[in-house]
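Only one structure is covered here, and it is reproduced in the block below.
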Amino acid sequence: MSIKKIYSKQLIYFQYASDFNSVCERLNQSHSLKAFDNVVSRDIKLSEYIKDRLNDSNFLSSYSLNYNYNKFYVDPSKRRNISLSFNASDKLELNHFNIDNVRIHIFNTGIGFLELNYSFFMPGLESIINTIYKLKMLKGDSLKKVIFRKKIGKDDYLYDDINIYDFIRDLLKMIGNISISNVNTEALTYNLVLLEKNKNDISLQKLAFKLSRGYKDSYKIKQDDVTLSVYNEFDNITWGFSLEGATCVARLCDDVITNDFIENNLFSLNGNLQTVYFMMYLLILNQRYSLFSIQNKLDRFIREKDSFNNEMLLTFKKLKNEIILFNSSAILFDVGENTLYSKYYDKLFKTNRIHQLIEEYKIKANSIEQQLDIFKIEVEQQKTKVENKKNKTINKIGKIGVIVALIAFLPNFESVMQKLLNEFSISYEDIPLMTILLGIGIFGITIYEIVIYYIKKRG
């Protein structure tokens, strides 16, 4: 089978802990990166609020790695002489590839994606499928043992070992000191394959199914699974969807106008599949991983439900503000305006289980809020109990204030005082010195006023 065009993106999800604006400011100041706009034309038939999101740099900021800093970039004119592969053999049926460009997408939800774009040449379909399988494996040795191949003579080649894993690790550190050990074990994959016109020698559905999951070509798949995971809007265009990725496979046909649209619109380097469809996929991934992040934070509250304190109340209040921001800006149920876009988006939404994740986090958040309400009630009850006890003690002390003053000058004051306190169920230590002095003062003032009164009356 002849492959007309093929593009493959590997997406590496990460979380960043810093403030969104701080991360963007740091990346804007980097000499190795250049900001670019994910501008979606106003003519595109998407809902206005979707276009507003995609064009809003306060919601999503994207950066491209300068070619000078992409040590694996090769000028297209030299790619038959310089390439990468997972095998040192020069046999033409083996697939060779290059990393064309690297991009970074930062959402204001604390979620980001590192995007690596691969191109292939000398491609055999089986080889491409197996190469994509290896390229998405972040753990293991696949990316650590890549062969660099450079032609230095008619039949002579220079070989060297390179490490794409280290390249990815360094890029993540540059974004925000993110450890590659904290990201997923596999990259997500987004593939676009255009096949030459020919007899139906291969199932578009099975190819889309394998590539969307990043399966090896040798995997034996069931037709029932294929049918549930693919979407055909046209006879010659098939989408495959999975939690591991998305893939569009198309075949040219007899109609010249249709072929022109497929090749020069859908499958061009800056065509709709590379822009609008890909950005819708990023919107879905942002929702999915933001929901995972929120759920992880909620789970920490659930684990510590027996040790709630005032600090946790403040932390939960901040998390609620984060959830409000997420609900108001990131949750996008529909893209509207175009049937093809809407069906594609709905399939992604369903495949990535966004509805289930939303319901799950709502249940957890409500449960925690109820537990925190109980905690606040218990705190208030305890506070009221302490205040009541304090007020009772003060009242009792007030009642015996004058009596304290009357007995203060008795020689056996302490013994009499202790008996008095026992009668009122008050600890001796609860009577401060000031209470005694105040009682004596009140008694003295009272005697003084009585003396003055009788003197004035006789005078």
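The values are calculated or read from the model by the stated rules, or taken from the named source; none is laboratory data. Computed from a predicted structure; not experimentally measured. With ideal geometry, Cβ positions are generated from the backbone for all residues, glycine too; neighbour counts draw on all protein chains shown.
Assorted remarks:
- A single member of 259, 286, 264 is modelled with pLDDT of 90 or more and touching a Ser or Thr at 6+ places or on another chain (Cβ under 7 Å), and it is 286.
- Of all residue pairs spaced 6 or more apart or on separate chains, those with beta-carbon atoms under 6 Å, a first member in segment 259-277 that is crowded, with 18+ Cβ neighbours inside 10 Å and a second member that is assigned to a helix (DSSP H, G or I) are 271/265; 273/266.
- Scanning segment 33-60 for residues that are over 25 Å from residue 339 (Cβ atoms), small (Gly, Ala, Ser) and modelled with pLDDT under 90 yields a count of 1.
- Restricting attention to segment 1-59 and to residues that are surrounded by fewer than 18 Cβ atoms within 10 Å (Cβ to Cβ), among the aliphatic types (A, V, I, L, M) and in contact with a strand residue (DSSP E or B) (Cβ under 9 Å, 6 or more places away or on another chain), the residue that is nearest to residue 191 (Cα to Cα) turns out to be 3.
- Boolean, residue 110 is at pLDDT 85 or above and either charged (D, E, K, R) or over 28 Å from residue 269 (Cβ atoms) (or both): yes
- Single residue of segment 345-384 satisfying the filter (at pLDDT 85 or above and hydrophobic (A, V, I, L, M, F, W, C)) that is surrounded by the fewest Cβ atoms within 10 Å (Cβ to Cβ): 363
- Residues (under 18 Å from residue 78 (Cβ atoms), of a type outside the set (A, V, I, L, M) and either surrounded by 14 or more Cβ atoms within 10 Å (Cβ to Cβ) or outside the structural domain of residue 186 (by TED's automatic domain parsing) (or both)) located in segment 142-156: 148, 149, 150, 151
- Restricting segment 225-243 to residues that are surrounded by fewer than 18 Cβ atoms within 10 Å (Cβ to Cβ) and closer than 19 Å to residue 349 by Cβ, the residue that is nearest to the chain's Cα centre (by Cα) is 243.
- Any hit, segment 237-245, residues being touching a Phe, Trp or Tyr at 6+ places or on another chain (Cβ under 9 Å) and more than 20 Å from residue 136 (Cα to Cα): yes
- Scan of segment 10-37 for residues that are within 15 Å of residue 65 (Cα to Cα) and either in a loop (DSSP other than H, G, I, E, B) or among the charged types (D, E, K, R) (or both), ordered by number: 26, 29, 30, 31, 32, 34, 37
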